Amino acid sequence: MDLTLLERTLADRGEPAFRARQVWEWTARGAAGYEEMTNLSRPLRAVLDESVPFSSLTFEDEATSADGTVKVLFRTADGHPVEAVLMRYRDGRRSACVSSQSGCPLTCTFCATGSMRFGRNLTASEILDQVLHFRRVEPLNHLVFMGMGEPLLNYDEVLGAACRLPDVGITHRRTTISTIGWMPGLKRFVDEVEQPIRLAISLHGADPRLRSELMPVNDRYPLPSVLDECRRYFELRHRKVFVEYVMLAGVNDSLEQATELVALLDPKVFKVNLIPYNPTGFFEGSSRDAIDRFKGVLDRARIPSTVRLTRGRDIAAACGQLAVTR
Ligand code: SAH
């Protein structure tokens with residue numbers, strides 16, 4: 001729902017200021033349409049139906065994985081494709097993975113989104129409408145900004161959406177923003193965000209040459225400055241930073257490379273998430289053995305780490321697989 005349009009429409013009709021909040025509360029709790037909002041008059045509901053589309057995104061397609069993961073393709077009003085994913089876990093966790101941009105202007109070599117055409121930044125409402133779509137299916141408790149796009153290139157809209165998530169039932173502690181380390185946005189995040197929203201950094205290579213090959217943005221914002229900013233975050237906010245590291249066979253998964261990674265990370269500040277590579281056609285994923293050996297090096301250095309559970313690979317809904325060519 002375009003919340004700016006909603007507020008304008010209500011104000012134009014001389015409605016009291018709390019009306020927008022009422023509509024938002026119904027929507028955030030999973031209402032399917034204005035007709036359910038029984039504390040609004042019937043004529044007002046009819047006006048909203050006419051002038052404020054219930055979602056700013058059009059549902060276009062859906063795929064369900066054998067593991068229960070659902071991927072949805074939406075279209076913005078001006079025709080840009082947007083994908084979002086709902087992950088279901090056995091322990092009851094329901095996690096939405098949302099896009100912050102249609103496509104992505106960055107060109108990380110292992111990520112399919114980087115190879116599709118970049119559209120534009122999404123608005124806060126378009127980001128929330130991905131979440132609300134899933135909220136109408138079932139209650140959610142986690143959210144990650146790990147879909148298409150670089151969230152910190154779209155700082156204001158991403159934070160605007162993130163701040164409304166508690167109304168949808170997702171606390172800040174269960175909200176994670178993942179970034180390649182876009183410094184202008186990262187600095188603002190560290191300086192400004194007092195809510196306990198979690199921060200994840202896509203690292204993928206400790207050696208500067210290798211990281212620049214995998215993620216060309218490293219030439220612009222070199223890793224040491226990004227990690228300094230993460231330490232500043234830890235000092236200010238006392239929250240650990242997650243490091244994401246996609247495991248690419250023969251590229252970044254050797255024991256020497258694990259040792260290089262250890263040398264960069266302070267066990268007090270960082271927690272590593274090793275991500276099995278999801279096929280996008282460019283690399284081979286590391287074997288389970290190679291991942292375990294790499295993790296062993298981190299364990300011995302007492303750097304906390306986990307291996308990410310892969311979800312939705314069979315429907316190309318896993319990390320790095322979101323790309324729409326239509
Ligand atoms: N642009 C942000 C948000 C996207 S998050 C960022 O990169 O952090 C998506 C996560 O999945 C990132 O950590 C990304 O590096 C990782 N990823 C990308 N392609 C992948 C692939 N093919 N297999 C596994 N993980 C991948």
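The values are calculated or read from the model by the stated rules, or taken from the named source; none is laboratory data. As the structure is a prediction and not an experimental result, all values here were calculated from the model. With ideal geometry, Cβ positions are generated from the backbone for all residues, glycine too; neighbour counts draw on all protein chains shown. For accessibility, only protein heavy atoms count, side chains too; no ligands or nucleic acids. Shrake-Rupley method; radii C 1.70, N 1.55, O 1.52, S 1.80 Å.
Side notes on the structure shown:
- Relative packing of 282-290, 67-75, 265-273, which averages over residues the other C-beta atoms within 10 Å, highest first: 67-75, 265-273, 282-290
- Farthest toward positive dipole pole in the chain [+1 Lys/Arg, -1 Asp/Glu at C-beta], among V243, T306, V70: T306
- Counting only alpha carbon atoms, the long axis of helix 3-12 and the longest principal axis of the chain meet at about 20°.
- Cα-based helix-to-principal-axis angle, 42-51 vs the chain, degrees rounded to 10: 50
- A straight line joining the Cα centroids of region 103-150 and region 185-227 runs 19 Å.
- Solvent-accessible surface of region 55-208, averaged per residue with a 1.4 angstrom probe and all protein chains in place: 35 square angstrom.
- Under 17 Å from K271, Cα to Cα: aspartates and glutamates that are on another chain or at least 8 residues apart: D228, E229, E235, E244, E260, D292, D299
- Among the GluC sites (Glu not before Pro) within region 188-228, those in coil by DSSP and having at most 10 neighbouring Cβ atoms inside 10 Å are E194.
- Taking the alpha carbon gyration tensor of region 169-220, multiplying each eigenvalue by 5 and rooting it gives semi-axes of 26, 13, 7 Å, largest first.
- Solvent exposure of region 270-318 as accessible area per residue, Å², 1.4 Å probe: 50
- Carbon + sulfur, % of accessible area of the chain - ligands and nucleic acids excluded, 1.4 Å: 51
- Convex hull per residue volume in Å³, alpha carbons only, for the chain: 134
- For the Cα trace of region 77-200, dividing Rg by the Kirkwood Rh returns an Rg/Rh value of 0.95.
- Pairs from the list K71/K187; K71/K268; K240/K295 with a Cα-Cα gap above 25 Å: K71/K187; K71/K268.
- Per-q log10 I(q)/I(0), region 1-54, q = 0.22, 0.29, 0.30, 0.32 Å⁻¹ (Debye; single scatterer per alpha-carbon; no solvent): -0.76, -1.47, -1.59, -1.81
- Rounded to two decimals, the Cα-based Rg/Rh of region 102-144, with Kirkwood Rh, is 1.09.
- Among residues other than R198 with Cβ under 9 Å from its Cβ, the summed charge is +4 (Lys and Arg +1, Asp and Glu -1).
- Our summary gives the chain a relative contact order of 16 percent, counting only alpha carbon pairs under 8 angstrom and 6 or more residues apart.
- GNM result for the chain, Cα springs below 10 Å: residue of T306, T76, T123 fluctuating most strongly: T306
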